[in-house]
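Participant: Structure incoming, see below.
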Amino acid sequence: MAATRALTITDVYERFVKGKKIPEADWDYKIIPENLTALKEKYNIKIDPNTIIPEDKELINNLFQAGLEMLVNTGFYCQDLGRVLGVTEEEVWEGIRRAPKHLILGE
């Protein structure tokens, strides 16, 4: 995977302003459910309602892959603008790579 530069706040703003305009109801009741259903089927995801945190390694991997694909294919929705910001898989991985490794809460 080739290195990519991190998205800046300016990049995010510009992508939202130029992003595809979608009514919020379409996002909530059409786009998200359709994409989730397709990925659930593609990755054969079956969740046991009695298991809060899955331990099956294949299921964990499938959940991660489906989540990554969902983010790349669907993007982020901005309610204020009614627009979608798209990201590439490389940008997601770069964000993960640059994320803080530790979080301190309180002193």
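Participant: Please list 3J(HN,Hα) in residue order for the stretch 92-98, calculated via the Karplus relation 6.51 cos²θ - 1.76 cosθ + 1.60 where θ = phi - 60°; whole Hz, with x for glycine and proline.
Facilitator: Along the stretch 92-98, the couplings run 4, 4, 5, x, 5, 4, 8 Hz.
Participant: Per 0.36 nm of contour for each residue apart, how much would the distance between Asp11 and Asn73 grow if the chain were fully extended, relative to their Cα-Cα spacing? Walk me through the intermediate numbers first.
Facilitator: Details: separation 62, 0.36 × 62 = 22.32 nm, distance 1.84 nm.
Roughly 20.5 nm would be gained on extension.
Participant: What translational diffusion coefficient, in µm²/s and rounded to a whole number, does the Stokes-Einstein relation yield for the stretch 20-107 at 10 °C and a viscosity of 1.306 mPa s, taking the hydrodynamic radius as the Kirkwood radius over Cα pairs? Working shown, then result.
Facilitator: Numbers: Rh = 15.3 Å.
D, rounded to a whole number, is 104 µm²/s.
Participant: Still on this structure, please answer the following. How much accessible area per residue does the chain have, in Å², with a 1.4 Å probe? The partial results should precede the final answer.
Facilitator: On the way: 8510 Å² over 107 residues.
The answer is 80 Å² per residue.
Participant: Another question, then. Which of the aspartates and glutamates could a cross-linker bridge to Lys21, judged by Cα under 16 Å and excluding same-chain residues fewer than eight apart?
Facilitator: Asp80
Participant: Under 19 Å Cα to Cα from Lys46, which aspartates and glutamates show up? Leave out anything in the same chain fewer than 8 places away.
Facilitator: Glu34, Glu55, Asp56, Glu58, Glu69
Participant: Using a 1.4 angstrom probe on heavy atoms only, work out the carbon and sulfur share of the accessible area of the chain in %.
Facilitator: Details: 4850 of 8510 Å².
Carbon and sulfur atoms account for 57 percent of the accessible area of the chain.
Participant: Starting from the amide H of Arg83, placed 1.01 Å from N in the peptide plane, find each other amide H under 5 Å away whose residue is 5 or more places distant or on another chain.
Facilitator: Ile22, Cys78
Participant: Return the calculated 222 nm mean residue ellipticity for the chain, to the nearest 500 deg cm²/dmol, obtained by summing -39500 (n - 2.57) across DSSP H runs with n ≥ 4 and dividing by the residue count.
Facilitator: Values: 4 runs with 49 residues, N = 107.
Calculated at 222 nm, the ellipticity per residue is -14500 deg cm²/dmol.
Participant: Turning to a different aspect of this structure: For Lys40, give me every one of the lysines with a C-alpha distance below 23 angstrom, ignoring sequence neighbours fewer than eight places off in its own chain.
Facilitator: Qualifying lysines at Cα under 23 Å: Lys30, Lys57.
Participant: Also: Say each of Leu103 and Thr88 gets a label point 7 Å from the Cα, pointing the same way as Cα to Cβ; how far apart are those two points in nm?
Facilitator: Here the modelled spin labels are 2.8 nm apart.
The values are calculated or read from the model by the stated rules, or taken from the named source; none is laboratory data. Here the structure is a predicted model, which means the values were calculated and not measured. Quick reminder, even Gly has a Cβ in these numbers, built from the backbone with ideal geometry, and neighbours come from all protein chains shown. SASA here: full protein model, heavy atoms, side chains in, ligands and nucleic acids out. Shrake-Rupley method; radii C 1.70, N 1.55, O 1.52, S 1.80 Å.
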